[in-house]
Amino acid sequence: LIDFDQASLALWHPEANEVEIVAMKTEAPRSWMGEGLRLPREALPVGKVIESRRPLIRNEIEGEEYPTDKLMVEEGIHSAVYFPLVSQGEVLGTVNLGSFKPAAFSREDVELLEPVTRQLGLVLDNARLLQEAKRSSLVDSLTELHNHRFFYEAVSREVSRGRRFIRPVSLLVMDVDGF
């Protein structure tokens, strides 16, 4: 539906005032941006998108407005569009598209993709809530130590691995008093 040469998904970490690239796809022969990269919010246009909670179209990236612009121009990215991922009023991150062509994105493109990115925000929030629920089912909230359920799952997993690789499995259980 929309022609682009680079796409990324960035998650917002407000406690660190950083964005993290968690998914990346590019047609550029060489890219500085990759999964796991964390940058200050102000280094990228996504900071403006997080703040305004509205999409941003950049028709001409020249390498001077944001610290990362020069790197984008070196990759051949000349225009970009950024979408906020919002769920329950909270900004979770952004979806970012870049193009080798100047002025590659229009207001119509934004109108076409906005409903999709709204749904993606809800999907990401649901995934985060599921991850938190899973973690809380395996960790004691008071001590932050793994609980019986985690122990049972870990033992089952290791016994299965031992069977699969035909290796013995040992278990050492200790009761430490006064710990």
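The values are calculated or read from the model by the stated rules, or taken from the named source; none is laboratory data. This one's a predicted model, so the numbers in the text were calculated from it and none came from an experiment. Cβ: placed from backbone, ideal geometry, glycine included. Neighbour counts: every protein chain shown. Please note that ligands, DNA and RNA were not included when accessible areas were found on the heavy atoms of the full protein model with its side chains. Shrake-Rupley method; radii C 1.70, N 1.55, O 1.52, S 1.80 Å.
Mind giving me the FRET efficiency for F100 and A43? R0 is 30 Å, r the Cβ-Cβ distance, nearest 0.05 is fine.
Working: r = 22 Å, r/R0 = 0.73.
E(calc), rounded to 0.05, equals 0.85.
Under the definition of Cα pairs under 8 Å and six or more residues apart, what whole-number percent is the relative contact order of the range 44-113?
On the way: 121 pairs, mean separation 22.5, N = 70.
Computed over the range 44-113, the figure is 32 percent.
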Practice prompt. Compute the distance in nm between two label points, each set 7 Å from the Cα along the Cα-to-Cβ direction, one at V73 and one at H13.
Written response: 2.9
Fill in: Calculated [θ] (222 nm, deg cm²/dmol) that DSSP helices of n ≥ 4 give over the chain, each run adding -39,500 (n - 2.57)
-11500 deg cm²/dmol
Discussion item. Spelling out what I want: for every residue of the range 100-112, take phi, set θ = phi - 60°, compute 6.51 cos²θ - 1.76 cosθ + 1.60 (Karplus), and round to whole Hz; glycine and proline get x.
Written reply: 6, 8, x, 6, 7, 10, 10, 4, 5, 4, 4, 5, 6
Response to the item:
Along the dipole axis of the chain (charges at Cβ: +1 for Lys and Arg, -1 for Asp and Glu; origin at the Cα centre), the most positive-end residue among F165, A16, G93 is F165
Discussion item. Accessible area per residue for the range 43-179 in Å², computed with a 1.4 Å probe and the full protein assembly in place, what is it?
Written reply: 69
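Within a Cβ distance under 12 Å of R128, other residues only, what is the Lys/Arg minus Asp/Glu net charge? If you can, show how the numbers build up before the last one.
Values: positive: K134, R135; negative: E90, D125, E132.
Surrounding charge for R128 is -1.
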Discussion item. Using a 10 angstrom Cβ neighbour count of at most 14 plus a DSSP loop assignment to flag exposed trypsin sites (Lys or Arg not before Pro), which longest range of the chain is free of such sites?
Written reply: 54-179
Worksheet item: Considering only DSSP states other than H, G, I, E and B, which GluC sites (Glu not before Pro) in the range 118-179 qualify as loop sites with at most 15 other Cβ atoms within 10 Å?
Response: E144
Worksheet item: Percent relative contact order of the range 82-179, based on C-alpha pairs within less than 8 angstrom and at least six residues apart?
Response: 18
Worksheet entry | Candidates per GluC sites (Glu not before Pro) in the range 22-99, loop by DSSP, up to 12 other Cβ within 10 Å | E35, E60, E62, E64, E65
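Based on the alpha carbons, how large is the Rg to Rh ratio for the chain when Rh follows Kirkwood? Could the numbers behind the result be given before it?
Values: Rg = 22.1 Å, Rh = 19.2 Å.
A ratio of 1.15.
If you roll a 1.4 angstrom probe over the protein chains with everything in place, what fraction of the accessible area of the chain belongs to carbon and sulfur, to the nearest %?
The nonpolar share, carbon plus sulfur, comes to 56 percent.
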Discussion item. Could you check the spin-label model distance between S156 and V123? Points 7 Å from the Cα along Cα→Cβ, value in nm.
Written reply: 2.9
